[in-house]
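To start, the structure itself, in structure tokens.
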Amino acid sequence: QVQLVESGGGLVQAGGSLRLSCAASGSIFSINDMGWHRQAPGKQRELVAFITSGGNTNYADSVKGRFTISRDNAKNTVYLQMNSLKPEDTAVYYCAAQISRVGILLIRNYWGQGTQVTVSS
């Protein structure tokens, strides 16, 4: 079994900051890309940022310059530092990771349960 557990969401005023964390655990052999998605009420889930195992990053245009994704491979953890938050950043944030399990060659996507981020104006 593999689990992704997010933490760090909450309520913050516009202009504030939050740091999300997502730790992967279980029978993990390797982790490729890790990323963060979000889904606001009434909207489709969208990619916010992802980071490769080598540390290359990619961001949605709406968060460039404000959000920073990073990872600690030793801890199987990905982070999302969110600065200069805006009310339109309000959403449930989900982490995702491409993981291969011990003894299983297939790589598949795993998702966390989501953490709520609310930005008040």
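Here are the numbers:
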item: Counted residues, the stretch 74-118 - those being among the acidic types (Asp, Glu) and open to solvent by 80 Å² or more (accessible area, probe 1.4 Å); result: 1
item: Val48 being among the β-branched types (Val, Ile, Thr), open to solvent by less than 30 Å² (accessible area, probe 1.4 Å), assigned to a strand (DSSP E or B) and more than 27 Å from Gln1 (Cα to Cα); result: no
item: Residues of the stretch 30-88 satisfying the condition of being more than 20 Å from Asn109 (Cβ to Cβ), within 12 Å of the chain's Cα centre (by Cα) and not hydroxyl-bearing (Ser, Thr, Tyr); result: Phe67, Gln81, Met82
item: Selection count where residues are more than 18 Å from Ser21 (Cα to Cα) and either part of a loop (DSSP other than H, G, I, E, B) or free of Cβ contacts under 8 Å to residues at least 60 places away in the same chain (or both), scope the stretch 85-114; result: 8
item: Selection status of Val102, closer than 19 Å to Leu4 by Cβ, at pLDDT below 95 and in contact with a strand residue (DSSP E or B) (Cβ under 7 Å, 6 or more places away or on another chain); result: yes
item: Single residue of Ser53, Ser70, Ser21, Ser27 found to be out of contact with any Leu (no Cβ under 7 Å at 6 or more places or on another chain), under 13 Å from Ile99 (Cβ atoms) and either acidic (Asp, Glu) or open to solvent by less than 60 Å² (accessible area, probe 1.4 Å) (or both); result: Ser27
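The values are calculated or read from the model by the stated rules, or taken from the named source; none is laboratory data. Keep in mind the model is a prediction, meaning the values are calculated, not measured. With ideal geometry, Cβ positions are generated from the backbone for all residues, glycine too; neighbour counts draw on all protein chains shown. For accessibility, only protein heavy atoms count, side chains too; no ligands or nucleic acids. Shrake-Rupley method; radii C 1.70, N 1.55, O 1.52, S 1.80 Å.
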